[in-house]
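These notes are about the structure you will find just below.
The values are calculated or read from the model by the stated rules, or taken from the named source; none is laboratory data. Since we're looking at a predicted model, the values are computed, not measured. Neighbour counts run over all protein chains shown; Cβ positions are idealised from the backbone, glycine included. The area values use the complete protein model at the heavy-atom level, side chains included, leaving out ligands, DNA and RNA. Shrake-Rupley method; radii C 1.70, N 1.55, O 1.52, S 1.80 Å.
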Amino acid sequence: MSDSYSRQNFETVAIHAGNTADPLTGAVVPPIYQVSTYKQDGVGGLRGGYEYSRSANPTRTALEENLAALEGGRRGLAFASGLAAEDCLLRTLLGPGDHVVIPNDAYGGTFRLFDKVVSRWGVDWSVADTSDPASVRAALTDRTKAIWVETPSNPLLGITDIAALAQVAREAGVRLVVDNTFASPYLQQPLALGADVVVHSMTKYMGGHSDVVGGALVVSDAALGEELAYHQNAMGAVAGPFDAWLVLRGIKTLAVRMDRHSENATRVTEMLSRHARVTHVLYPGLPEHPGHEIAAKQMKAFGGMVSFRVAGGEEAAVEVCNRAKLFTLGESLGGVESLIEHPGRMTHASVAGSALEVPADLVRLSVGIESADDLLADLQQALGS
Ligand SMILES: *Cc1c(COP(=O)(O)O)cnc(C)c1O
């Protein structure tokens, strides 16, 4: 699917892959095919393979072709949310008795899916520090089917060496899954580094405008792609046509947005690193970050997510969140507008008391693409200086 795009650069592929002019009118943007079913030319006479929009819809096909090309994969699949994509992946790959290694720092909803949902169907999991390949190797059992990685991780911005874990996975004969939501395919290409499956919450940087919820899977193995497509249709949590269209539109500016997110985040970390009320700044772009060298090797830039710890503990961290004005207090991330949140009480409340619990004095920023000067001024007033 993506072979014809392999000679073009990312910015070009983002705009053109899957975006062929509409065959009927020549419309340069794929129309929103807001339709459930398709007229057949005689029984079984499908036009372009479309029969029912759970199975396939032209707007979703455009997005799925684009996703495969962006990640350098053979098959892309679009879902109603990131968690719907994860659920489809887990139920395709795993059965009762199987085991998965998951990171000690993961999106709270991913942890909840393992801990509260798939565990009920006899799927077992254990936690490892995925930034340390030895820790992952030690967590493998003879029942392990997959290693799950998030890099950079949410909310602690930990970095995992994807190529090193691909080697561990290959040796063990298990699949490596990489949640690429924080980096986006512009900054990081997990399949090229040896991963088997890329997962996205398209709600975040792919959509980029806080106006759509969506998820994606991309794989380079065509047979696995077929199996996933079978389950996507059988389970039915597909992306609707308007949602697919919004993400396809968002992706056209992904490269310029990620450049600006990364520049603004760098400015923010420079200010926070010098601030008296900030005890730690967590950002892979900082030379003192333990994963900095690996991030510099496997990422094009360091992205727009920044976390920091506030002197004075939980109350002080919550107060900073409440005082921010330009940074909107809210969950989610990856939109053009800046967001601030307290992971312990908000996005990561579901990991409280587990091995994934996050520090109470932690604040997470999704640094948007507004003026960096305005963002710095708002953070300074929120920190009380
Ligand atoms: C948001 C998010 C998800 C879940 O995606 P939804 O679209 O909210 O279902 C998964 N992984 C990461 C890293 C996320 O940030």
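Computing the accessible area with a 1.4 Å probe over protein heavy atoms, can you report the carbon and sulfur percentage for segment 131-255? For segment 131-255, the apolar C and S fraction of the accessible surface comes to 53 percent. For the chain, the direction-averaged projected area of the alpha-carbon convex hull comes to 19.2 nm². Estimated purely from DSSP H runs of n ≥ 4, each contributing -39500 (n - 2.57), the mean residue ellipticity at 222 nm for the chain is -10500 deg cm²/dmol once divided by its residues. In the chain, Cα pairs under 8 Å separated by at least six residues give a relative contact order of 17 percent.
Between 201, 210, 184, the Gaussian network model of the chain with springs among Cα atoms under 10 angstrom shows the greatest mean-square fluctuation at 210. In percent, rounded to a whole number, the relative contact order of segment 255-382 is 28, using alpha-carbon pairs under 8 Å and six or more apart. Ligands, DNA and RNA are left out, and with a 1.4 angstrom probe the accessible area of the chain is 41 Å² per residue. Of the trypsin sites (Lys or Arg not before Pro) in segment 268-343, the ones in a loop by DSSP (not H, G, I, E or B) with at most 12 other beta carbons within 10 Å are 325. Against the main long axis of the alpha-carbon atoms of the chain, helix 58-70 sits at an angle near 60°. Protein-only accessible surface at a 1.4 angstrom probe places the residues 253, 59 in the order 253, 59, largest first.
Computed over Cα pairs, the Kirkwood radius of segment 300-385 leads via Stokes-Einstein (0.890 mPa s, 25 °C) to a diffusion coefficient of 186 µm² per second. Rounded to the nearest 10 degrees, the inclination of helix 222-235 to the longest alpha-carbon principal axis of the chain is 90 degrees. Loop-located GluC sites (Glu not before Pro) across segment 286-385 with a Cβ neighbour count of 16 or fewer within 10 Å are 288, 331, 337, 357, 370, with loop assigned by DSSP. Checking every one of the trypsin sites (Lys or Arg not before Pro) in segment 30-62 against DSSP loop status and a limit of 10 other Cβ atoms within 10 Å picks out 39.
Pairs of Cα atoms nearer than 8 Å and 6+ residues apart set the relative contact order; for segment 53-208 it is 22 percent. As a ratio to 2.2 N^0.38 Å, the alpha-carbon radius of gyration for segment 63-140 is 1.24. Using alpha carbons only, how many degrees (0 to 90, rounded to 10) separate the axis of helix 313-323 from the longest principal axis of the chain? Tilt relative to the chain: about 70 degrees. Based on the Cβ-Cβ distance of residue 29 and residue 355, what FRET efficiency does E = 1/(1 + (r/R0)^6) give at R0 = 35 Å, to the nearest 0.05? My answer for the efficiency is 0.15.
Taken as Cα centroids, segment 234-306 and segment 319-373 sit 14 Å apart, rounded to the nearest whole angstrom.
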